[in-house]
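Heads up, the thing below is written out as structure tokens.
The values are calculated or read from the model by the stated rules, or taken from the named source; none is laboratory data. Since the structure is predicted, the reported quantities are computational estimates derived from the model, not experimental observations. Counting neighbours? That spans all protein chains shown, and the Cβs are built from the backbone with ideal geometry, glycine included. Please note that ligands, DNA and RNA were not included when accessible areas were found on the heavy atoms of the full protein model with its side chains. Shrake-Rupley method; radii C 1.70, N 1.55, O 1.52, S 1.80 Å.
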Amino acid sequence: MLDTLLKIGEWQSEGKSEWDRFLEYPKVETKDKYGNSITNYTLPIIFDLDNQEVIIKPQNLKEFEAKDVREAKGIKMKGSNSKAICSSGLSKRLGRIYQAFFGKEGEETSRGELLEAVEKNNPELLTENLRQILSKIFELKNRFLELTTESSKNIIDIRAIQETFEFGKNENIVFLAFHIKSKEFGFEKVIPFAHVPDYEAFLQEAYFGSDIDAGKKGTKKKLCYASGTNTEDVEELNLSTRYSLNKMFVTETKNYASLFDKRKFNLNYQVSAENQEKLDYASDYLLNKGYKIRIAGLDHVIIPQFQQNSTVDIEMALKGIYRKSDILFSLHKLLALSESVSDESDDAVFWINFIAFESDGNFFKSTEIIKDVSNFHFNKILEAFAEVDWHYRDLDAMDWDSIMMEYDYDSKDRVRRNFNFNSIFKIIPLRKEKEKKNKALGLFKTILENRKVNIEILYDYFCELILCHWYQRYGSYTNVSHYTPKNFYFGVRDSVFKYHAFIQFLKKLNLINMDESNEHSGESTGNKYDDAEQSFFKEMDMLNHKDQQAMFYLGRMLNKVEYIQKDKNKTVIEKVNFNGMDKDDIVRLRIGLVEKAKQYNQVSKVIFIDQKFGVTFDTNSWNMNPKEAVFHLLTGYSFGVGQKDAETLTQIETEESH
């Protein structure tokens, strides 16, 4: 993985200056959601030391260009415990820039953090000239606060400036470039503060070290762990950038690095200066150029791993991996899976890693890794999802397109979604703030790493999902789709068939740990509905599982008796123990259904299905998992014979009930 990061970093560093990897560029949008143009500005803020004034005027605005960041050295924030030393930056960093010149907001200070940093870390660079410049700027503190404090919240905020400029709806300040003007110090014309020679010298040493230090490092070769080669400029990996993949290499011994000797991190994490630069570029590219994906509700960054001598086109491979990852893990309409996802890298040998992380953009904490997913297995997963999705559309036993419909908040309409990991995520109930581990992520990790899934775990998740629907626990299970109490049947139906589809998906990949059955074609009975049941059993691999068929028939009885009670507030569905049904629960439910049918003089409605149940239910050797029993019971409860046939069957039942 490190080798690939170095390749990405080398590719991204081509034609860049030594400063580019430390600069932070604003993420600008040029169009709003209605297609209207957005104007983004750079605002020069001038410290006029000749007149002891802070100049913030709308006439100084200029349309933002990337070169503005390079010109003003808009450096990234370092760790939260480090001093603010930036003199320009993103508009949202206004408070941080204030700290550099004036100290922490809301505190009585006598100087800014920039002066403190130079004095503490590089006292030899604190010239009298730089000290006086920063002291003169500090005298402008109150005036700066007047111009930048948002009155309603009494905090420093870019909105305070934008409000005085009377911006239109689609105008934004995205970058702040601080300048200085002072005849006393030799700046008769306005120049960027980053061009003040003494400040430039400080930044140069802060980020690159001095020439003397560089000479010392070059006297002895050391092993660079990133490349595995001996070079002369090896030192400890710099982890000062807050939002960086390099933060995977933690140096806090009381947390994730508990087995490391904290005195030897400089040896454990030593890299050459050149490879440090490449790792920084690779991190910036993957995190900020769109190679992030949501898996099981968590942010992940995609990191491929190519063979050492691979000649694959990195840019093309990355785009292909991201496109396929997006289809596997994100919300998409049906069309996306029907489009070709093949690319030139399909035949290449490489692996994919997905690093889960937590971040607000100011820090990076890796929490989990899905590793060594082969390109071939990744493609097989994509194909298996597509095959099951399209096959289920053709089944008469269910209305699969209806099952896969979801409300789309962008179009404000119900749309047909793909069958993929995102749809599976919504049927793996995650109890908010109650579970330390994300079991959906654990399940996806097992599949992606090509390990088998235990079917018993899926039955556990299924029953927990049904209990969520039954008791309306959506406040606790925030990833689960909502159904109102009167639509409980649809919640059950959608859950049942999505789990069946998921199991078929796992079978295609040979990743399900369950008993295999030797299927044979059921003979036609001449009865349309019996044939439909046999066809369904064949599709769901139930032909040779009499116990599963027994629960299916009991579910059909449950459905019919509930239909008899359609005008009642309480129905026989309340007799089901959704936590799991053992043999005694099953027998009680059967007796209760027959008695309820008798109560309504509708025994003829269930007698034939009850006979089928009796033939397939072996009370003497019954050993089905109680949660599996619920799954197959609700399969029968949800079973339809095709949409039109189901409507015909309902009509027949209605006529018979009168």
Please give the helix 439-448 orientation as an angle from the longest Cα principal axis of the chain, in degrees from 0 to 90, rounded to the nearest 10. 90 degrees
Tell me which lysines have Cα within less than 22 Å of K598's Cα, excluding those fewer than 8 residues away on the same chain? K560, K566, K568, K570, K575, K612
In Å, what is the Rg of the alpha-carbon atoms in the chain, and how long is Dmax? 32.7, 104
In Å², nearest 10: area of I85 left accessible to a 1.4 Å probe: 20 Å²
Mind scanning K76/K445; K439/K508; K16/K183; K92/K289; K31/K62 and naming the pairs with a C-alpha gap bigger than 25 Å? K76/K445; K16/K183
Entries in K67/K292; K141/K181; K120/K222; K528/K596; K583/K627 that, when Cα-Cα distance is taken, lie over 18 Å: K67/K292; K120/K222; K528/K596
Residues meeting the amide H criterion for F350 (H placed from the backbone, H to H distance under 5 Å, 5 or more places apart or on another chain) are N375, F376
Assuming 0.36 nm per residue, please report the length gained on full extension of the stretch D360 to E163 beyond their Cα-Cα distance. 68.3 nm
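Just how large is the dipole of the range 540-644 about the Cα centre, in debye to the nearest 20, putting +1 at every Lys and Arg Cβ and -1 at every Asp and Glu Cβ? Please report the intermediate quantities before stating the final value.
Numbers: 16 positive and 12 negative charges, 97 e Å.
Here the range 540-644 has a charge dipole of around 460 debye.
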Along its three principal axes, how long is the range 292-509 when you only count alpha carbons? Whole Å, largest extent first please. 60, 42, 38
Whole-number percent relative contact order across the chain, with pairs defined as alpha carbons under 8 Å at least 6 apart: 10 percent
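If you wrap the range 31-208's Cα atoms in a convex hull and average its projection over all directions, what's the area in nm²? Intermediate results must be reported in sequence, preceding the final value.
Details: hull surface 44.6 nm².
Mean projected area of the Cα convex hull: 11.2 nm².
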Selected from Y477, I503, I428, residue furthest toward positive end of dipole (the chain; charges at beta carbon): Y477
Excluding ligands and nucleic acids, what accessible area in Å² is computed for R159 using a 1.4 Å probe, to the nearest 10? 110 Å²
Specify the angular offset, from 0 to 90 degrees and rounded to the nearest 10, of the alpha carbon long axis of helix 2-13 from the longest principal axis of the alpha carbons in the chain. 50 degrees
Starting from the Cα-Cα distance between K528 and Y489, subtract it from 0.36 nm times their residue separation and give me the gain in nm to one decimal. 11.6 nm
Probe 1.4 Å, all chains present, heavy atoms only: F462 accessible area in Å², nearest 10, is 0 Å²
Put +1 on the Cβ of every Lys and Arg and -1 on every Asp and Glu Cβ in the chain; which of F350, A386, T571 then has its Cα farthest towards the positive end of the dipole? T571
What does the charge count near S481 come to, summing +1 for each Lys or Arg and -1 for each Asp or Glu among other residues with Cβ under 11 Å from its Cβ? +1
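Fully extended, how many nm does the chain gain between Q308 and T30 (0.36 nm per residue separation, minus their Cα-Cα distance)?
Numbers: separation 278, 0.36 × 278 = 100.08 nm, distance 3.97 nm.
Contour length minus the Cα-Cα distance gives 96.1 nm.
Could you sort T311, T616, T30 by their accessible area in this structure, using a 1.4 Å probe and putting the largest first? Kindly include the intermediate steps, with their values, before the conclusion.
Details: T311 135, T616 15, T30 90 Å².
Output order, biggest surface exposure first: T311, T30, T616.
Defining a contact as two alpha carbons under 8 Å apart and six or more residues distant in sequence, what relative contact order in percent does the range 292-509 show?
That works out to 20 percent.
Hey, if we sort E71, E124, E628 by accessible area with the 1.4 Å probe, largest down, what's the order? Don't jump to the answer; show the numbers that get you there.
Values: E71 95, E124 115, E628 25 Å².
Most to least solvent-accessible, the answer reads E124, E71, E628.
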In the chain, if the dipole is taken from +1 on Lys/Arg beta carbons and -1 on Asp/Glu beta carbons about the Cα centre, which of Y600, S366, A72 is farthest to the positive end? Y600
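Rounded to two decimal places and with Rh computed the Kirkwood way over Cα pairs, what is Rg over Rh for the range 540-644? Walk me through the numbers before you get to the answer.
Values: Rg = 13.1 Å, Rh = 13.8 Å.
Looking at the range 540-644, the ratio lands at 0.95.
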Could you give the dipole magnitude of the chain about its Cα centre, charging the beta-carbon of Lys and Arg +1 and that of Asp and Glu -1, in debye to the nearest 20? 1460 debye
I'd like the orientation of helix 626-638 relative to the chain: the angle between its Cα long axis and the longest Cα principal axis, in ° from 0 to 90, rounded to 10. 80 degrees
